[in-house]
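For reference, the structure is listed below as structure tokens.
Every number here is computed from the coordinates shown, using simple stated rules; none is lab data. Worth saying up front: this structure is predicted, and the values here are computed from it rather than measured. FYI the Cβ positions are ideal-geometry reconstructions off the backbone, even for glycines, and counts take in every protein chain you see.
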Amino acid sequence: MSSTVIGPSCISLDDAATDSLTSAGREESTQEKLALIIPTLREAENIRGVLDHVRSVLDPVSIPYEILVVDDDSRDGTEEIVSAVALEDPRVRVLVRKGEKGVAGATLYGWRNTDAAILGVMDADLQHPPELLPALASAILAGNDVAIGSRYAAGGSLGDWNPVRKVLSAVFLWAALPVQRKQIRAKDPTSGFFFLRRECLDQIRFHPYGFKLLLEILVRGRIRSIQEIPFTFAPRSRGVSKATVKVALEYVRLLATLYAIRLGLRRN
Ligand SMILES: Nc1nc2c(ncn2[C@@H]2O[C@H](COP(=O)(O)OP(=O)(O)OP(=O)(O)O)[C@@H](O)[C@H]2O)c(=O)[nH]1
Ligand SMILES: [Mg+2]
């Protein structure tokens, strides 16, 4: 199934405005269904492989699931490839956003368009190993609110990143430390590979800035427990990186917003 949307600038999962969810759909969210979002921007070379890989590891897990590819109007064939897979497998859907960019917004948009109680996100370029998905799902089913694929937990690693990117990542991490609540402080709060319970996001309007949605969830979500599961960040499978200076600046903007909220200088 394919659909096209234009989204808002501040996003909550409770807004009735743009969703395709019905009230009946919301009632079903008590089921332990899992929805995995894969945000894409020009990932035509990777998307078929990641969909096949993800389904092969989730199929043996005894939990109903769906995969939503949220594509920001790539026009490189990504939409067509996912639509073809969706014809064979109704658990796969593609949503195309027009006139919007950004991983955080795309992820929130996907979560708004599913009735699943367990929500997840992973990259399309196989840098996040699909083999970790069952462990992330199990961590939520075991009672944790958030399960993080963690590059900084013991046993995890950034892989073959160049030294500049490693230093930048460490600075990002350090800058995010004080804004997190002491009880809920993750080793890898900027990971893009995580699962959580939908109820943790109730009544919160998120800022869809850049790539680091997890940090805002940790700071502002209704979270009592997290589990981090280590992994090694793999090299990009194919295609071109979308991690640009603009994305780094979006992170600074998000941090400034979160600090202002924590210090009581703004409400949202
Ligand atoms: N929908 C959507 N997806 C995006 C956007 N920017 C990046 N993505 C996707 O988000 C994921 C992460 O982007 P990457 O370019 O892989 O970023 P990265 O992993 O930090 O950088 P590399 O290590 O160079 O790959 C990929 O699946 C991208 O296709 C965007 O604006 N919209
Ligand atoms: Mg990548």
Shape call, segment 156-238: gyration tensor on alpha carbons, a/c limit 1.5: prolate
In segment 160-268, the chymotrypsin sites (Phe, Trp or Tyr not before Pro) that fall in loop regions by DSSP, at most 15 other Cβ within 10 Å: TRP161
Calculated diffusion of the chain, Stokes-Einstein form, Kirkwood radius summed over Cα pairs, 37 °C and 0.692 mPa s, µm²/s: 177 µm²/s
Positive-end residue of ALA153, PHE172, VAL69, charge dipole of segment 2-262 with Cβ unit charges: PHE172
Residue among ASN162, THR107, ILE261 farthest towards the positive dipole end of the chain, charges placed on Cβ: ILE261
Long pairs among LYS182/LYS242; LYS33/LYS242; LYS33/LYS182; LYS182/LYS246; LYS98/LYS242; LYS98/LYS166, criterion Cα-Cα beyond 26 Å: LYS182/LYS242; LYS33/LYS242; LYS33/LYS182; LYS182/LYS246; LYS98/LYS166
Unit charges on C-beta of K, R, D, E only; dipole of segment 2-262, Debye: 1200 debye
Amide H within-cut-off set for PHE194, under 5 Å, with H built and near neighbours excluded: VAL121, GLY149
Those residues of segment 91-113 whose amide nitrogen sits under 17 Å from the label point placed on ALA243, 7 Å along Cα→Cβ: 102-104
Estimated FRET transfer efficiency (VAL61, ARG185; beta-carbon r; R0 30 Å; 0.05): 0.55
The chain - percent relative contact order, Cα under 8 Å, separation 6 or more: 25 percent
